[in-house]
Amino acid sequence: MDNDKFKAARMALERIPDHAIVGLGSGSTASVFIELLAKKVHKTGMEITCVATSHQTQNLGLTLGLRVVDIDDVDQVDITVDGADEVDGNLNGIKGGGAALLFEKVVATNSKHNIWVVDSSKQHRKLGAVKLPVEVIRFGSQHVYNYLDRHGLKPSYRMANFSQRLLTDSNNFIIDIDISKVEDLGELTRRLKGLTGVVEHGLFMNICDELLVGNTEEAFQRPG
Ligand code: 5RP
């Protein structure tokens, strides 16, 4: 098990109270947290209910013997623990490297407290070192692609393999775009959300409440 991921996941585990409804993130760091959570639940008999942010995470949680229910079976999630691809000093970030951004955002925006578990390589002063994923329905996706291309965002379809486009858990495509030259990310994301055929994007603004950095064992709260 990667030691930095383990440290971040262990810090997150300390923040989970008994009887909590816990959002389980997706990706390799969130998976380490899920493994630790399952071990603690079995060892201590804690009463934890989970909701998952992807089919893969749901399978992992169930395989490890966690109680995983549908997001619509709970009123609200108490704490969600998820990874991130990039995060800035205001705890805004980019997610969706594992193509789970849509369910991740649904769970996060219905969570009272969102914790991200990362290592310091994910911390950046300005967002845009990684591509921003945009989830689009398949029908007419080339027109969204062309729009993004015309606006200089260097789009590329996320591929599952050499010849096939990746399909998300909702059977959509992902188009990754380059936002490194974009000054006003708020304006960009408003435009993206207004484009017919776009389902969601991977920019998570004002969502993460607490950032846990494994290798430095630091915790940061969202400013303000
Ligand atoms: C999946 C995500 C992941 O949380 C993100 O890609 C980070 O993954 P990892 O912990 O493996 O670096 O957003 O859609």
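FYI, it's all coordinate maths here, none of it is from the lab. Predicted, not measured: the structure shown is a model, and the values here were computed from it. So basically every Cβ, Gly included, is an ideal-geometry build from the backbone, and we count neighbours across all protein chains shown.
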For 129-141, 59-71, 174-186, ranked highest to lowest by mean beta-carbon neighbours within 10 Å, the order is 129-141, 174-186, 59-71
0 to 90° range, to nearest 10: angle between helix 141-150 axis and the chain longest Cα axis: 70
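Can you give the direction-averaged projected area of the convex hull of the alpha-carbon atoms in the range 47-110, in nm²? Walk me through the intermediate numbers first.
Numbers: hull surface 19.3 nm².
One quarter of the hull surface, i.e. the mean projection, equals 4.8 nm².
Work out, step by step, the length gained on full extension between THR109 and MET205: first 0.36 nm times the residue separation, then minus their alpha carbon distance; give nm to one decimal. Intermediate results must be reported in sequence, preceding the final value.
Working: separation 96, 0.36 × 96 = 34.56 nm, distance 1.05 nm.
Full extension from THR109 to MET205 adds 33.5 nm.
Rounded to the nearest angstrom and ordered from largest down, what semi-axes does the equivalent ellipsoid of the range 1-117 get from its C-alpha gyration tensor (root of 5λ)? Don't jump to the answer; show the numbers that get you there.
Details: eigenvalues 76, 54, 36 Å².
Semi-axes, largest first: 19, 16, 13 Å.
May I ask for the net charge around PRO133, where only other residues with Cβ less than 12 Å from the Cβ of PRO133 are counted and Lys, Arg are +1 while Asp, Glu are -1? Mind showing how you got there, number by number?
Working: positive: LYS95, LYS105, LYS131, ARG158; negative: ASP85, GLU86, GLU104, GLU135, ASP176, ASP178, GLU200.
Within the 12 Å Cβ shell, the charges total -3.
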Taking only C-alpha pairs under 8 Å that are 6+ residues apart, what is the relative contact order of the chain in percent? 24
Can you give the FRET efficiency to the nearest 0.05 for LYS193 and THR44, using r as the Cβ-Cβ distance and R₀ = 35 Å? 0.25
Can you compute the FRET efficiency between ARG10 and LEU166 using 1/(1 + (r/R0)^6), with r the Cβ-Cβ distance and R0 = 41 Å? Round to the nearest 0.05. 0.85
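Mind running the shape call on the range 35-80? Use the C-alpha gyration tensor, a ≥ b ≥ c as the square roots of the eigenvalues: rounded below 1.5 for a/c, prolate if a/b tops b/c, oblate otherwise.
Values: a/c = 2.14, a/b = 1.29, b/c = 1.66.
Cα axes put the range 35-80 in the oblate bin.
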Could you name the lysines whose alpha carbon sits less than 29 Å from that of LYS154, not counting residues in the same chain fewer than 8 places away? LYS95, LYS105, LYS122, LYS126, LYS131, LYS181, LYS193
THR49: net charge of surrounding residues, Cβ under 10 Å, Lys/Arg +1, Asp/Glu -1, itself excluded? -2
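Nearest 0.05, what FRET efficiency do ASP75 and ARG222 give at R0 = 25 Å with Cβ-Cβ as r? Walk me through the intermediate numbers first.
Details: r = 23 Å, r/R0 = 0.93.
Between ASP75 and ARG222 the formula returns 0.60.
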Choose one answer from GLY194, GLY83, GLY27: the residue with the largest mean-square fluctuation in a GNM of the chain with alpha-carbon springs under 10 Å. GLY194
Less than 16 Å from a label point 7 Å out along the Cα-to-Cβ axis of SER120: which backbone N atoms in the range 83-103 qualify, by residue? 87-89
Bounding extents of the range 89-177 in its principal axis frame from Cα atoms, largest first in Å, are 36, 27, 23
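Rounded to the nearest 500, what is the 222 nm mean residue ellipticity of the chain from helices alone, with -39500 (n - 2.57) per DSSP H run of 4+ residues and division by all residues?
Details: 6 runs with 66 residues, N = 224.
Value at 222 nm, helices only: -9000 deg cm²/dmol.
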Note the direction-averaged projected area, equal to a quarter of the hull surface, for the Cα convex hull of the chain, in nm². 12.6
Above 13 angstrom, tally the Cα pairs of the range 161-224 and express them as a % of all pairs, no decimals. 76
